Each structure stands twice: as structure tokens, then as C-alpha cells.
Amino acid sequence: MAKRARTTKRKRRGLWIGLLVAAVVAIAGVTALLSSDEKKPVTVSELVITDLQVGTGDPAVVGDTLAVHYVGTLLDGGTQFDSSQDPDPTFSFVLGAGGVIAGWDQGLLGVQAGGTRQLDIPAELAYADQGSGTIIKPGDSLRFVIEVVSVMPAAVPVPAPTPCPEADGSSARETAFEEAPPMCIDSTKTYTATIVTNLGEFTVTLDAAKAPNTVNNFVVLSRYHFYDGLTCHRIPLDFVAQCGDPAGNGSGGPGYEFADELPAAGEYQIGSIVMANSGPNTNGSQFFVVTGPSGVALSPNFSLFGQVTAGLDTAVNAIAATADETGASQAPTSPVNIVRITITES
């Protein structure tokens, strides 16, 4: 009997040990499952719009120009990856023009000046499976908190055909056109542009002999005061100072495009005035001043239409000095604004 009892106790002990092991394995499995769930990134499957503060005025619609301050973070973990410079300069763009991610174009419809809106943006309306930079990974959802400083209604385009502006500069300001202007300059005359900025002024002699259509376009826009108040939004170090975009981010223009008038290889030099473009025959209003060796070395794919003849060592150098010396950003480190452009002919 004693031997049988000892055997029974051993069996019971073995049973309890087996049950304990099974319980430990089960608990470990549940813990692993919970840990796996906890490691899943926080995402959204659709755009989530939250008005943190409601503004005033007309709601923003496609075509309006918005000026904003913003902070962008990963929805999962809150790591900041981008922000505007507060309080200046604001970031400006044309709503619905494709100059920003789709989540912004969709999420800022209806916002008002003075309002603050939070956008939780799914990957497919942000950077999808490509990611961006070193922080935003493929599939990441993003959160932006956007303070809307102003909403500028879309300009009513000047109907075609565009009338030539008054040579004395007395024409009213126009910022949008249905088509490129007709030939308004006199090819027998010399045209000079005085470009006044918040960092000083410089003078450009325009080359109507080599680039008549480009010079004509610049003269017409200048005489319509199109450039007054616009920024130089892109100033890479030792390269160029790019100006003339009403959207302020490289996506804007006057409402039309026109053909290239390209130089020969090697013609760019420090102080050259050149049209910016997004491909062949896509000229509009954006232009740049060559400020460094990287600009001089550009391939001749951009229309050259003038040369700085005064103010290169003062105003142009001051503009170039706003470049980010680290190369981390192509935006200027402090605002560069065009006050006005005056055209003279002789």
C-alpha cells in the first residue's frame, strides 16, 4: 500500500507540473500576442479632419492661395519631421493645384483665415509606399497641425487676348491671365528692369535680341505689377535665387506657359537672369538669378534673357547670403521679397 501511495503521489505531482508548464506556455503566448499588437504602428485608413480653432471669412476653395504655419509629426509616436518657420515666413500654396500632398489639398478645403486645423492623413494621401526622407517610412500615417494665416481668393484671369499694359506702369495689378501676352515690346529698343527687394535693388539689362518672347513676357508681367510682393522662395547655396511664384513654393504661375528660347552651352554666368521651368516649353512667371558656380554649370535647358548690370555685389549677394549653409533646405533662412519691378526702355 505504501508503495502504491507513493506512486500515486508521483503521478499527481507530474500532472500538476504538466498543468503548470501548459499554463506558462499559454501565458507566454498571450503575452507575445499582446506585445505583437502593441508593436503595430498607429495608422488611419481615411483622412480625419479636426478643427482646433474656427477662423473667419470665406471658406477656402480650389484655386485660393493659403498662407500657413504648420507642424508635421508621425501619427505613430509623434516624431516631428517638418515645420514652417514661425512667425515668418509663412508657407504659401495654391489649394488643389497639386503643390502639396493630397491630404492637404483635400483636408484644407473649407478652412478659414485664422483657423487651426489638425489633419490625420493616411499613407495613400501622403507618401504612400515610397516614404520621404529618413523619418517618414513607407505606409506611415501623418499628423499636421496647420494654422491658416490668410486665404487669398483665386484671381479672376485677364480674358484673352491679353491687352498690352501701359508703358508708364499705370496699369492695374493683374495676377492671372487666360493666355500668354502678344508681342508688346519694340524690338528696336533696349529694356532694363530695376528689381527692388527688401534686401536692396539691382538692375538687369534684358536681351530682347536673343530671347524676344521671354523678355516680352517679363516686361508685360512687370508692367502689370504681377511680381509686386512675391517672394524668392528657393535659394540653394552657391546656385541660384528663384523668384516670381505667386504660390510661393514652386508650383505657381500666371495661368499660361510659353516656349523656350535656349542659350548655347556655357552662356550662363554669375548674375544671369534665367527662366525656371518644369520641363521643355513650360515657362511662366518664375525666374532665377545665377548666384554661384553650380548655377553657372547648368545645362542650357533654361531660357536666358538678361544680365545683372548693377547691384550684383550688394543686393544680389545679400539675397544669396540667405541660403542655408548646411544645405539641408533650399528655402532662404530669412524672407526675400520683391517689392516692385520697374521697366524702362530706351
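Consider E257 carefully, then state whether it is charged (D, E, K, R), in contact with a Gly (Cβ under 6 Å, 6 or more places away or on another chain), on the phi < 0 side of the Ramachandran plot and modelled with pLDDT of 95 or more. Here the answer is yes, as E257 does meet what is asked.
If you go through the range 103-149 and pick out every residue that is surrounded by fewer than 16 Cβ atoms within 10 Å (Cβ to Cβ) and out of contact with any Ser or Thr (no Cβ under 7 Å at 6 or more places or on another chain), you end up with 11.
For the range 170-190, the criterion of being in contact with a Gly (Cβ under 9 Å, 6 or more places away or on another chain) and assigned to a helix (DSSP H, G or I) is met by none of the residues.
List the number of the failed condition for G253; all other conditions in (1) surrounded by 18 or more Cβ atoms within 10 Å (Cβ to Cβ); (2) over 27 Å from E179 (Cβ atoms) hold. If we test G253 against (1) surrounded by 18 or more Cβ atoms within 10 Å (Cβ to Cβ); (2) over 27 Å from E179 (Cβ atoms), just (2) comes out false. Summed over the range 222-240, residues that are over 16 Å from V289 (Cα atoms), surrounded by fewer than 21 Cβ atoms within 10 Å (Cβ to Cβ) and not acidic (D, E) total 2.
Looking across the range 45-75, the residues that are crowded, with 16+ Cβ neighbours inside 10 Å and either more than 24 Å from the chain's Cα centre (by Cα) or among the hydroxyl-bearing types (S, T, Y) (or both) come down to T65, Y70, T73.
When A155 is tested against (1) under 26 Å from N317 (Cα atoms); (2) surrounded by fewer than 23 Cβ atoms within 10 Å (Cβ to Cβ), exactly one condition is not met: (1).
When A160, A97 are checked against the criterion of being farther than 19 Å from L52 by Cα, surrounded by fewer than 20 Cβ atoms within 10 Å (Cβ to Cβ) and not assigned by TED's automatic domain parsing to the domain that holds D76, a single residue qualifies: A160.
The values are calculated or read from the model by the stated rules, or taken from the named source; none is laboratory data. This structure is a prediction, so every number in the text was calculated from the model and none was measured. Cβ atoms come from the backbone with ideal geometry, glycine included; neighbour counts cover every protein chain shown.
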